Structures are given as structure tokens and as C-alpha cells.
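One structure below.
The values are calculated or read from the model by the stated rules, or taken from the named source; none is laboratory data. Note that this is a predicted model, so its numbers are computed, not measured. Note that each Cβ is placed from the backbone with ideal geometry, even for glycine, and that neighbours are counted across all protein chains shown. Note: accessible area is taken over every heavy atom of the protein model, side chains too, but ligands, DNA and RNA are not part of it. Shrake-Rupley method; radii C 1.70, N 1.55, O 1.52, S 1.80 Å.
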There are 2 protein chains.
Amino acid sequence: MATSRIWLRTPLHRALSSSSSFSRAAAPAAHGRTSFRPFDRTTLARPYASVTSSDTYVGRIHKDQQDLVQGEPSGPRINTAIPGPKTKAGLQHLDTLQDTRAATMMTDLEQSIGNYVVDLDGNIIASLPLGYNSKALIEAASSPEMVRMLVNRPALGVQPHSTWAKTLEESFMSVAPKGLNQVFTAMCGSCSNETAYKAAFMYHQRRKRGFNNEIAAEDLSTCMKNVGPGSPDLAIMSFDGGFHGRLFGSLSTTHTKALHKLDIPAFSNWVSNPFPSLKYPLDRHQAENDKEEARCLELAEDTMKNARTPIAAMIVEPIQSEGGDNHASARFFQGLRDLTKKYDILMIVDEVQTGVGVTGQFWAHEAWNLTSPPDIVTFSKKFQAAGWFHRPEIRADAPYRNFNTWMGDPIRALQARTILQEIKNKDLIKNAAETGAYLKHELLSIEKKYPDTLSAIRGRGTFLAFDLPTPQERDLFVTRLRTLGVNTGGCGSQSIRLRPMLVFQKKHADIFLDAVEKVASQHKKP
Amino acid sequence: MATSRIWLRTPLHRALSSSSSFSRAAAPAAHGRTSFRPFDRTTLARPYASVTSSDTYVGRIHKDQQDLVQGEPSGPRINTAIPGPKTKAGLQHLDTLQDTRAATMMTDLEQSIGNYVVDLDGNIIASLPLGYNSKALIEAASSPEMVRMLVNRPALGVQPHSTWAKTLEESFMSVAPKGLNQVFTAMCGSCSNETAYKAAFMYHQRRKRGFNNEIAAEDLSTCMKNVGPGSPDLAIMSFDGGFHGRLFGSLSTTHTKALHKLDIPAFSNWVSNPFPSLKYPLDRHQAENDKEEARCLELAEDTMKNARTPIAAMIVEPIQSEGGDNHASARFFQGLRDLTKKYDILMIVDEVQTGVGVTGQFWAHEAWNLTSPPDIVTFSKKFQAAGWFHRPEIRADAPYRNFNTWMGDPIRALQARTILQEIKNKDLIKNAAETGAYLKHELLSIEKKYPDTLSAIRGRGTFLAFDLPTPQERDLFVTRLRTLGVNTGGCGSQSIRLRPMLVFQKKHADIFLDAVEKVASQHKKP
């Protein structure tokens, strides 16, 4: 496989190469914590010259692909040290009002387009499914319907508006997971998971009462004091390495970094279980992976059977994301489903990161072909809108019990509808599957050349990750990619994860792969 | 005081009065759980004839006021039984997808304007500060800046955009409470309070560590398992009757209805304290109210001093809203502030309901003139955007500790900016103060005439409430107002609360007052 840089012989390229030592193409990946450095802000407003057949390429070439985004530049560009002086000044200013220590850039949203983001001197944003300044979303944003929903924000629980059911049908319900014909809309991923937990607790108690709606006076009085039996000692079961949010309930099911949990009171009886630690590529380690999954299933059953605190629901991610892009087989998840059925525990699948096409299927859990669908599936991020699908039985036994002022946001549902239309019109799930397969294949090739550096290439669709030998080397790799103009982010202890947008194509992958290969070729242990 | 109906001699009025037995003017209050019945949907798109001096009035007349909203109708209108057939059908349809049992109407947002909301056959929405289809908000919604923020939703913690600091300065920071020069932006009221609690816990532990940033290994390992010392046993202190949200942390500080808390696991060591139960009008019961407040302060001190679980923060509403519009004096809150200082407890003021001008001051707690400002002030609802102001010392000691993907929403901050401009341009806080004073004065007059029915008229600005003798009579009163076209809501056990919009004027108050008086005059114990 060729490792050379991509030099684009276009007016843009010449302008870039004459003004910066970092002007060679770097990686325009696109999302989550993987990000890219900017191109020239002063020229970005102009449409970029596209690559022509007279250009001389060395390396990966995908100029034959039809552009999913019109007007994108041919590649990224770095003008300054990173962070640049304007970004530094901008963040310093903002820091007088808000904590900016997590900020990796300051974006210029007017100049950003498609897979390319511009910062005050350059960069990228999480969870935009259609890329920057998507034409379809701009059109939808300017529609009278959107303006109406923005200006007249409805309290959806008490006063839903006339078109809300239709919006639900045209957005979420059109992609509702099999068997889940109800949707509870919320504001963010944490809220989605927490309201789903509440539903699970209420359902558990309702079943305990024999579905008879007779509430004991003691239950009513004790819950006002935060004590049992009205505030029952019940648990949500989660997995080591799982991430489900950062509020008090969701944080008690999150087990990623101590930084996320330290000093915050938690529900100490909410048990966590080991998640399989598999070897990659999966197909080459079938036997030992099967054994590891069997071990985790056994422990899960032991927990369910013997939990001191009754478990109302189990929550699991199809791919543990924040925890390190940890995968498990369809058989493992079927095993979990069987256990939840056996022990009368609801199964909640958290698709906040994995949902909406990125894995090459609309919902990642579709790949499991479960014999019985999950009880609840939560979503957020790429859908812009948040919430959870559920079976009708999960609905609370009285109004106002699972409730808040807004109950979600119609403008985000309208955006979800547009996103779905674009996914369909542009065949973006197929694009994610194909681009992802290509990315994975090429990363495996790079791994073969640099086996002491890259390992455990894994993932589905463009939801990919790979490991470095140690956390230190991972950090070094990230830093070196950054100096090349590729701002990747880590997950788990020593992984780098990719979260490109749905409009990320093979031509973008090429630029990214060349950057990874370059850093790998020069990698030395710290 | 005259009690007659308002008959408007305009083309509209004639059309209304000829077609419905409920066509007399009913109450166009405006918000929260107080709502109004519709006028004619088929004619609403036309500008309404305004009242002329040739009209014959009996009752309250405020035709001299300049209209804050152009194009409003002269009064509400009922076409059908309530709920009407279209609303019923619409809710039935929606109910196939979502629980609609809390829904009181289904709105037609295209037809609604100012203080008037239209439903499929007619009604109202919570927390719109400027009324329906506000011209200023529509203009802002259509701006390129708004479209950009809508389409390119930034992850504000990791990648704030170039104009975010400016937006913060022009919105929240321009009305930051004295002494609080930092803002943490969030998605909703519950999230605001919960992230404020997290900040309080982290601050408490940091102080305990002597601000030296040295974290014990045991803290880091235990927090991953949800147990102490890493997940410490610490509490937020709240008040009986307080409402601070419905997620797991906030719900543990909420003590309103059992319905809100039943079956949901809670932090059993998070203590609650009595809130003063005062007699109204306050100035006529000074001595006994002082005594009641002294009693509650004593109990609060006892709790702080002897709590088994250390208290990191105390949260309190300036006016307990959901809990029944319970007031306390500035002296009581100063007493609480003194106690929190004495016992090293942070003071969080929850202005989610009371903020943004409705009480006749921008923040209700400004009325206390505290000797030292609260440590944290949370907001949401009328600001559309949510978050909390805080002292700089409250900022976490490391990035990512109090964090999430979105960290608020810039489109709501842009709306907050427009709301502030309109408040300033139209002097809306003064309007709330004056309209509220008028409303209160007139309600007191109605109380004098019907002392066995109405009592405990109370409130500041338009943030008003009154009591009925029993919960049953309150419910009956609400039902009777509804049949008249006035859809009020309860709070506490036997109160009715008013939450009009900031553009609610005396002319709207008149219509509302006439309806209340009519129902009071016909009130019989059930």
C-alpha cells in the first residue's frame, strides 16, 4: 500500500502549500473526538476546485466517488500552531465566563462545511450526522414550521401541538426498532436513560403490586421522605466500562473513568458486571472470545439471581463507546436477553452513540436478531433529538409520573425527520457500511506493516477504533496526529476511536488513512 | 366592583356571540397551568378589531393601555365542548405513540398569538415569556445566526464556537445576579439543578482535601463501584413542599406530591426541612409569621448541625411554586444564608419558576438584599435556556468533571438574548409589577365579597395564587372556570396559581378577573 502524501494540484492546493509547512492533506474524518485541522479561512467561502483527472496521485485514490456534500474543500489546512492565537484568545475570553479546559478548539460555524470544520485558526464538532451547514438542514431550519416550533416552544406533555403526532410518525416512529411502537421524548442522552430507568422502576413495582393500582398509604407517605417502601431499594444493573450519562441515576450506571464519578454520591446497590474483554479481529479468536463471553454471562446470571437489591432493569450499549469501543457477539447479547427474561428484568439498550446508521445498520442492536426485542431502546446524539422507544406495557400507570415541562423538543424532532430523509435520499447507511469496510480494511493493512504500533482494529460501519500498546503511546500517537492536522481522541485506556459523520466518504478516508500511516511509520515508544 | 361580562361590540364579537353560548369573554391569563379557551380559529388569521370608545362596558376597563402585542383578538372564544372533537381525535392519535393523559389541550401554534392560544378546538402553553408568535422571536428565529446554530449544533464544552462568549455576555451575563460572574449552561431545569448539586459535592470534597488536588487511590477505586469514600455519603438539604426536578438527584430534593416520587429509588440521607407555613396577607399576620419563620430556621439549624450525612448544599425556591406558592420573608432567607455560612454549606437558589421578571424583579431573590449573595442561582423555563450562575470558586478543579455532550444549547441562549431585549424595549418587568399589583388588588376585592370561597391571595408581580377552602372545592373551582373557558391549574393542596406571560396586561387581567368573580359568585360547596 502506498504511503505518500496527497498533493492536490488545484489553485487551492498551491495557495496552501506556499503558505504553510502543514499544507499537505491531513485527515478530514469528522466527529466525536476525532477531528481535523482547518483549511484556509479566507478562501473557504469560495467553492473549492474539485480534483481533476489530470492531478497526479500517489496513494489511495477515490476521485470517482460522487460528492455527498457540494462545495467541500479538497483537504484540510493548518495556518498556525495549534491552538492558534485567535483560538487561544477566544478561549481565554470565554474562560472568564465558563470552564473551557475541556475545549480542544473554537469553531467558526459560518465557514465550516460538510466534513470540514474551521476554527478561529481551525477544527471539529461532535455528533453532526450530515456535516456542517447541511443544505437540507438549512432549508428545514428556515421553514415556517421550524420557526413556529422554535418561537412557540410547546410543553409537549400538557399541551402537545396539532402536528406533533405527525412529526413523531415521520421522524422517530418511521425507524422504531421492531416491537417498540411507543416513544418517550427527552432533551439529552442522560435524561433519556434516567427517564427510562424511572419507567423500569415503576413497571417493576406495578408488577409487584399485581397490576392492581392499589398503592399502600405507607408507600405514599414514605416516598415523600426518600425512604422505603415508597422510595424502594431497587437497582439498575450495568456493565464495567459502560457509559450512560452523568446525572445522579445515569452516573450510577456509568463505569468509565474515576474523573466522571469521583465525589458524587451514588446508588451503592446498583450493581455492575464485567463486560467481555475480547480479542480482535474477532473471527481469529473465536474460541477464547466464546469462553470470555460465557464467563461474563455466568457472572451476569449470578448477579441477577443473587442481587441483594432487586434489579428492575439492565442497561447495555451495543458497543461500549466511552469505555473503549468494546464489542461483544450477537450471541452474547442474546444470552443477556434470555437472562433478563428468565429473571423478569427489563432490557434497556443504550443506542445514544451507536444509533442512526453509523454502524452500517440503523440501530446497532438490529445485528443481534434477538428472539425477543429489547424492552427499551434509548437514543440521542446523531438524531439531535433524544428519547427512548418502548413496548406499550412500559407506559406508566398514571399521568405525570414520568414527566417534565418540555418532554423533548419538537425542533429536534423536525431535524431528525430531515436527517432521515437525507439518509434515505443519499443512501447514507450504505455509505457508512462501505466507507467503514474500506477504512477497516486499510487500517488492517497498516496494522500488518506496523504490528508493534497498531492493534485491535475493530468496529462496524465507520464506528471504528484501534489500540496503541500503552496509554502513553496512545497519547503520543494522538499528539503526533494533531501536529499533522489530525485531531483524534481516545476512548478506554489506550484506544483511538473514529466517529465520522454519515457524509464521510472514501475520499475523506484516504486522507485520514495517509495521516495514520505516516504517524505509524514514524512511531517510537516514548 | 362590577361583575358583568365584557361584551365587545365589534364584528368579531358579534360573530362569536351568535355562535356559542360560551362566547362571552373569558380569561386570557397565560401560562404555567393557567390557560384559556380559544377564539374562532377561522377568523384568527385576520387582525382583530380593537375596542373602541363607543363600546359599552360594564366592569373593569383598561382600553387606554398601549398594546404590547399587535394583532391579538379582543377576547377568547369557545366553539365546542371541552375538549372538542378535533382535540379528542388528535390526542387519541398521539396516544397511540405517547402517553397523553397529562394533556389538557392540543395547540394550533400557527393560529395562536400573544396571550391567546388556539387549540384544535382551543387552549394554552407553559413558559412562553413573550406570548405566541412573538414578532421579535420570529425575527430572531429566521436570522442566519439562529439557522447556523440550529444546523451546526455545537458541543459547547469541547468545541465552543467563535461567538459563544459574546452570546453569553449579551444574554445570561447581562442579568447575572450580583456576585455570580460565571455561568454553567444546561438543557433543562432538572439538569441545571443536578449539575449544580454535582458542583456542590465536588466543592465540598475539594475543601475537605484542603484544596490540594491530591486524590487518594482509594477514592479513585471506590467511586468506580459506587461506594465510599470515592462516592461519598453527602447530602443536599431541601425543604418540604420544594420542587427541584424529577431526575434521580433532583427528585430526592423534591417534596411535593407522592405521585412524583413513588417507586423511584432516592437518596435516603438527603434531608428535608419544614418551609414556613405563613398566613396571608403577610402584613396582617406579622407576629405569627415571624414566629413560624423562627421555628423553621431553628429546625434548619438543628438539621445542619446534627445531620448524620454531611450537607454540601441547601437548595431553596424564592417562592415554593409547585408546592403551593408558599412565600417567606426576606428575613427568613437572610437567616438561611447566615446558617449556610455558619455551617459551610453552599446556598443554591432555584429560580427556574421565579426568574426572568415575573415577580416584578428580574430575579425574585433580589428582593432579599442578602448580605452575601447565594453561591449558585439556577434558571430555566421563561429564559427558554437553562443553567446556573455561580461564584468562580465553585468551578470544578479539573475539566470533564461536570460535563456532558451539549452543555446547553446556543439557540436557546440566542432566544434568551431576544427575550431580554424585548423586556428592556417594552419595559415588561414594570408591566409585570403593575399588572400584578392590579390583579392582586382586584383579587383581594373579590376575596372580600366571597370570603368563604377565596382566601390567601398572595404573590409578587403576576406570580400570584389564591386558595379555596378544600382540595375538593379547588378542583370544583378549576372545573367551573374551565366550563367558562378559563383553564386554570392547581398547585399545593388547595391553591390555584397564575403564571401569565410577560405581555399580560391589565386588559387581559380584566377578562380573567371577571371570570373568577363569576365563578366565585356562584360557588357552592360540593
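Miscellaneous remarks
- Here A:K341, A:K291 are screened, and the one residue that is of a type in the set (K, R) and within 18 Å of A:P274 (Cβ to Cβ) is A:K291.
- Every test in (1) buried (at least 21 other Cβ atoms within 10 Å of the Cβ); (2) aliphatic (A, V, I, L, M); (3) in contact with a helix residue (DSSP H, G or I) (Cβ under 6 Å, 6 or more places away or on another chain); (4) at the interface with chain B (Cβ under 8 Å from one of its Cβ atoms) is passed by A:L168 save one, and that test is (3).
- For region B:261-276, the criterion of being more than 14 Å from every other protein chain (Cβ to nearest Cβ) and loosely packed, with under 14 Cβ neighbours inside 10 Å is satisfied by no residue at all.
- Pair list, Cβ under 8 Å, 6 or more apart: region A:403-415 residue of a type in the set (D, E), other residue in a loop (DSSP other than H, G, I, E, B): A:D409/A:R153; A:D409/A:M187; A:D409/A:A385
- For B:G179: the one exception among (1) in contact (Cβ under 8 Å) with a residue 40 or more places away in the chain; (2) buried (at least 23 other Cβ atoms within 10 Å of the Cβ); (3) outside any helix (DSSP H, G or I): (2)
- Candidates B:Q415, B:Q353 - the one that is in contact with a helix residue (DSSP H, G or I) (Cβ under 8 Å, 6 or more places away or on another chain), outside the structural domain of B:L68 (by TED's automatic domain parsing), open to solvent by 20 Å² or more (accessible area, probe 1.4 Å) and not hydrophobic (A, V, I, L, M, F, W, C): B:Q353
- Filter result for B:S174 (more than 9 Å from chain A (Cβ to nearest Cβ), under 22 Å from the mean Cα position of the chain (by Cα) and surrounded by fewer than 24 Cβ atoms within 10 Å (Cβ to Cβ)): yes
- Residues of region A:168-187 satisfying the condition of being within 13 Å of A:G408 (Cβ to Cβ) and not aliphatic (A, V, I, L, M): A:S171, A:F172, A:F184, A:T185
- Residue check, A:Q361 at pLDDT below 95, open to solvent by 10 Å² or more (accessible area, probe 1.4 Å) and within 17 Å of A:F504 (Cβ to Cβ): no
- Looking only at residues in region A:364-398 that are aromatic (F, W, Y) and within 28 Å of B:G408 (Cβ to Cβ), the one that is farthest from the chain's Cα centre (by Cα) is A:F389.
- Flag for A:L339 being over 25 Å from A:S380 (Cα atoms) and modelled with pLDDT of 95 or more: yes
- Scan region B:489-515 for residues that are out of contact with any Ser or Thr (no Cβ under 6 Å at 6 or more places or on another chain), under 30 Å from B:Q421 (Cβ atoms) and open to solvent by 20 Å² or more (accessible area, probe 1.4 Å) and the total you get is 1.
- Cross-chain or 6+ apart pairs with Cβ under 6 Å, region B:214-233 first and at the interface with chain A (Cβ under 8 Å from one of its Cβ atoms), then polar (S, T, N, Q): B:C223/B:S231; B:N226/A:S252; B:N226/A:S268; B:V227/A:S268; B:G230/B:T222; B:D233/B:T309
- Subset of region A:156-165 (residues that are crowded, with 24+ Cβ neighbours inside 10 Å and within 7 Å of chain B (Cβ to nearest Cβ)): A:G157, A:V158, A:P160, A:H161, A:W164
Let's see how each residue does on (1) open to solvent by 10 Å² or more (accessible area, probe 1.4 Å); (2) within 30 Å of B:K261 (Cα to Cα):
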residue: A:G323; (1), (2): yes, no
residue: A:A328; (1), (2): yes, no
residue: A:F332; (1), (2): no, no
residue: A:T340; (1), (2): no, yes
residue: A:E393; (1), (2): yes, yes
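- Filtered residues of region A:460-488 (kept if in contact with a strand residue (DSSP E or B) (Cβ under 8 Å, 6 or more places away or on another chain) and either open to solvent by less than 10 Å² (accessible area, probe 1.4 Å) or of a type in the set (S, T, Y) (or both)): A:T462, A:F463, A:L464, A:A465, A:F466, A:L468, A:F477, A:L481, A:G485, A:V486, A:N487, A:T488
- With respect to being under 23 Å from B:S321 (Cα atoms) and either open to solvent by 10 Å² or more (accessible area, probe 1.4 Å) or under 22 Å from the mean Cα position of the chain (by Cα) (or both), B:P526 falls outside the description.
- Residues of region A:130-146 that are of a type in the set (A, V, I, L, M), surrounded by fewer than 22 Cβ atoms within 10 Å (Cβ to Cβ) and either more than 26 Å from A:I429 (Cβ to Cβ) or within 7 Å of chain B (Cβ to nearest Cβ) (or both): A:I138 alone.
- Residue in region B:439-453 that is open to solvent by less than 10 Å² (accessible area, probe 1.4 Å), within 17 Å of the chain's Cα centre (by Cα), closer than 23 Å to B:A328 by Cβ and at pLDDT 95 or above present: no
- Yes/no for B:G245 being in contact with a Cys (Cβ under 9 Å, 6 or more places away or on another chain), more than 7 Å from chain A (Cβ to nearest Cβ) and buried (at least 21 other Cβ atoms within 10 Å of the Cβ): yes
- Filter result (open to solvent by less than 30 Å² (accessible area, probe 1.4 Å) and more than 14 Å from chain A (Cβ to nearest Cβ)) within region B:293-307: B:E293, B:C296, B:A300, B:M304
- Of the residues making up region B:441-472, just one is aromatic (F, W, Y) and assigned to a loop (DSSP other than H, G, I, E, B), namely B:Y450.
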